[in-house]
1. How much FRET efficiency would the formula 1/(1 + (r/R0)^6) give for Ser102 and Glu141, where r is the Cβ-Cβ distance and R0 is 30 Å, rounded to 0.05?
2. Net charge near Ile80, counting Lys/Arg +1 and Asp/Glu -1 over other residues with Cβ under 11 Å of its Cβ?
3. Which residues in segment 73-97 have a backbone N closer than 19 Å to a point placed 7 Å from the Cα of Lys131 along the Cα-to-Cβ line?
4. Using the Cβ atoms and a cut-off under 11 Å, what net charge is assigned to the surroundings of Val64, where Lys and Arg are +1 and Asp and Glu are -1?
5. Strictly over 25 Å apart at the Cα level, which of Lys30/Lys112; Lys12/Lys131; Lys77/Lys112; Lys52/Lys136; Lys77/Lys136; Lys74/Lys131 would you flag in this model?
6. Of the candidates Asp129, Asp100, Asp49, which one comes out as most mobile in a Gaussian network treatment of the chain with C-alpha springs shorter than 10 Å?
7. Using the Cβ atoms and a cut-off under 13 Å, what net charge is assigned to the surroundings of Phe107, where Lys and Arg are +1 and Asp and Glu are -1?
8. Which is the longest run of the chain containing none of the trypsin sites (Lys or Arg not before Pro) found in DSSP loop states (not H, G, I, E, B) with at most 12 other C-beta atoms within 10 Å?
Amino acid sequence: MAEHVWSVLCQKVLINQETQLVSLVEIPEKFIADISQGGPVEELNRALDQGKKGVRYPVALQLVSWWVRSNYSKAEKVEIRISVFDPSGEQLSYQNWELDLSESTGFRAIFKLNQIFVTGHGLYWYVVDRKIGKGKNPRWETVARLPLEITV
């Protein structure tokens, strides 16, 4: 089963076409919503007053995850899931992908995130899991937890 090496949230990914080396630029620790009149804070408060759970804010983030074969000489695939949890621990979203390491011994997955669902201020978690097992009883194993503090 493919091995997770690292995952990072960033704003820009630069890949040197000659060397294939990757540079991760502008790694955020927090996202600060605009507090101006009529801005995102008022939009969030209005949504919460209307009984909604939150609002979607545009972001320019990328989640980059590096995976390698567990056996260098053997092709393999791995199913992964990326989930987002709000400060209360509620899962806001998730998406599954299959990564194919049959043509290469490593795989750099880059997921573009253009919005985040905000339910309030606090620590949000981007969680990377891989699927263990097949058939009726597969389970998910967490391989990375990436925090993003959101202040409104």
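1. Details: r = 22 Å, r/R0 = 0.72.
My answer for the efficiency is 0.90.
2. Working: positive: Lys77, Arg81, Arg130, Lys131; negative: Glu79, Glu98, Asp129, Glu141.
My count for the surroundings of Ile80 gives 0.
3. Output list for this probe position: 75-84, 93-97.
4. Values: positive: Lys12, Arg108, Lys112; negative: none.
Local charge sum for Val64: +3.
5. On the way: Lys30/Lys112 17 Å; Lys12/Lys131 28 Å; Lys77/Lys112 21 Å; Lys52/Lys136 36 Å; Lys77/Lys136 19 Å; Lys74/Lys131 18 Å.
The answer is Lys12/Lys131; Lys52/Lys136.
6. Of the options given, Asp49 has the highest mean-square fluctuation.
7. Numbers: positive: Arg69, Lys77, Arg108, Arg130; negative: Glu3, Glu76, Glu79, Glu98, Asp100, Glu103.
Local charge sum for Phe107: -2.
8. Excluding the exposed sites themselves, the longest stretch runs over 75-133.
Quick note: the coordinates plus some simple rules give every number you see, no bench work behind them. Keep in mind that what you see is a predicted model, and the values were worked out from it rather than measured. All Cβ positions, even for glycine, are placed from backbone atoms using ideal geometry, and neighbour counts span all protein chains on display.
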